[in-house]
Amino acid sequence: MEYSLKQFQFIVPFILLLCIKCSDPQPSSTKENVADKKVIKVKNEIIPPTFQTDSAYNHLQWMENNGPRVPGSKPHERFVNWAEQKLKNYGGQVIVQMGNTQTYDGKNFSIKNIIASFFPERNDRILLCSHYDSRPFCEKETDPKLKSKPCPGINDGGSGVAILLELARIFKEKDPGIGIDVIFFDMEDYGNNNGNPETWCLGSQYWAKNLHKPNYSARFGILLDMVGHQNATFPKEGYSMYYAPDITDKIWHIAQSKGFGKYFIQDEGPELTDDHYFINTIAKIPCVDIIDYKVYKHSFFEHHHTTQDILKKIDKNTLFAVGTTLLYVIYNHEQI
Ligand SMILES: [Zn+2]
């Protein structure tokens, strides 16, 4: 995942440049504080099962013990087997989509996208996704010795996977009343900071060009990226607001109504090159990115692409806020 302002000149039509919102550097709005204090009961709202934060946290513990999920490594291979089995245990119809790709530095890899379909017979569907690979190097470390180390990827990649696995368990417990596809994308994080944005998100690009089912579509998609850090803030990301503004607004409204306004803030963020960009532009499915971004610092969470993206920095409250919001969105999809 990369902050993409530098990249716009290469891929984004000029008109999109005009859409970037600039904000004055000032504290977050008071709206979120108000929303924080009251939990609003919505009429005819379906109350979903409780998001078990410890279950998501335990998945992250497994990922930390397993090691960085760098493409081509043993931990990457072990992760694929583990996630596939978990999703099958939760009742998903699982396939591992494989395809060849080449990274910006000329290395060849076999992509492995893990795809689990729940209630596959239903035509009306929601797509939930996250990347699972770990970046092979920590370019944001200041110590040159650490720059070549792989990123643990506990928040970056891992947190989205952990939340979606817990959701998958819940789908088995209570029927969400709609078809759901959970996709763990491979090779999101092998990109070049100075180059073409298409060097990022190789797994989702492959999937968007080679859908796992002919004519596959979904009502909407939600991408999770970096959703477990302490003090996370999720502004309304730029491409989400461009391609899926109504869905984005509804998700944020639900989050705020449940008291999670300090995470789901009202600010709009910049466009970010992430898996949802290719889901929107190639697969043509409106897809929203829930991603931790510090609008006034113009940066991701402080341990992004460092060796400190570890379990100790994960906050269970953040996992709970995101997981619970998604559950309310999914079980109340008729109102989305
Ligand atoms: Zn990353």
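The values are calculated or read from the model by the stated rules, or taken from the named source; none is laboratory data. Everything numeric here is computed off the predicted structure, so don't read it as measured data. No Cβ is skipped: glycine too gets one built from the backbone with ideal geometry, and neighbour counts run over all protein chains shown.
Listed values, structure above:
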read-out: Pair list, Cβ under 9 Å, 6 or more apart: segment 241-253 residue closer than 12 Å to Ile336 by Cα, other residue part of a helix (DSSP H, G or I) and of a type in the set (Val, Ile, Thr); value: Ile247/Val329; Lys250/Val329; Ile251/Thr325; Ile251/Val329; Trp252/Thr325
read-out: Residue pairs meeting the criteria (Cβ under 7 Å; at least 6 apart or on separate chains; first under 13 Å from Asp275 (Cα atoms), in segment 204-222; second of a type in the set (Ser, Thr, Tyr) and outside any helix (DSSP H, G or I)); value: Tyr206/Thr101
read-out: Matching residues, segment 285-295, being part of a loop (DSSP other than H, G, I, E, B) and in contact with a helix residue (DSSP H, G or I) (Cβ under 9 Å, 6 or more places away or on another chain); value: Ile285, Pro286, Asp292
read-out: Count of segment 279-297 residues which are out of contact with any Pro (no Cβ under 6 Å at 6 or more places or on another chain), away from the ligand (no atom under 16 Å from the Cβ) and farther than 24 Å from Ile180 by Cβ; value: 1
read-out: Selection within segment 298-315 - among the acidic types (Asp, Glu) and within 16 Å of the ligand (Cβ to nearest atom); value: Glu302, Asp309
read-out: Residues satisfying the stated conditions in segment 296-315, i.e. β-branched (Val, Ile, Thr) and either crowded, with 18+ Cβ neighbours inside 10 Å or in a helix (DSSP H, G or I) (or both); value: Thr306, Ile314
read-out: Counted residues, segment 99-129 - those being surrounded by 12 or more Cβ atoms within 10 Å (Cβ to Cβ), in contact with a strand residue (DSSP E or B) (Cβ under 9 Å, 6 or more places away or on another chain) and not in a strand (DSSP E or B); value: 5
read-out: Residue in segment 167-199 that is nearest to the ligand (Cβ to nearest atom), counting only those that are acidic (Asp, Glu) and either within 15 Å of Arg135 (Cα to Cα) or surrounded by 24 or more Cβ atoms within 10 Å (Cβ to Cβ) (or both); value: Asp189
read-out: Test: residue in segment 316-328 that is within 16 Å of the ligand (Cβ to nearest atom), in contact (Cβ under 8 Å) with a residue 12 or more places away in the chain and either assigned to a strand (DSSP E or B) or in contact with a helix residue (DSSP H, G or I) (Cβ under 6 Å, 6 or more places away or on another chain) (or both); value: no
read-out: Condition check for Asp156: within 16 Å of the ligand (Cβ to nearest atom), crowded, with 24+ Cβ neighbours inside 10 Å and either modelled with pLDDT under 95 or more than 25 Å from Ser55 (Cα to Cα) (or both); value: no
read-out: Scan of segment 137-153 for residues that are surrounded by fewer than 21 Cβ atoms within 10 Å (Cβ to Cβ) and not aromatic (Phe, Trp, Tyr), ordered by number; value: Glu139, Lys140, Glu141, Thr142, Asp143, Pro144, Lys145, Leu146, Lys147, Ser148, Lys149, Pro150
read-out: Residue pairs meeting the criteria (Cβ under 6 Å; at least 6 apart or on separate chains; first under 14 Å from Glu188 (Cα atoms), in segment 90-105; second part of a loop (DSSP other than H, G, I, E, B) and of a type outside the set (A, V, I, L, M, F, W, C)); value: Thr103/Tyr190; Tyr104/Asn192; Tyr104/Gly195
read-out: Sole exception among (1) of a type in the set (Asp, Glu); (2) more than 16 Å from the ligand (Cβ to nearest atom); (3) within 23 Å of Val288 (Cα to Cα) for Glu84, by number; value: (3)
read-out: Helices (runs of 4 or more DSSP H) wholly inside segment 159-252 containing at least 1 residues that are among the β-branched types (Val, Ile, Thr); value: 159-173
read-out: Candidates Asp315, Asp249, Asp292, Asp309, filtered to the one that is within 14 Å of the chain's Cα centre (by Cα) and not small (Gly, Ala, Ser); value: Asp292
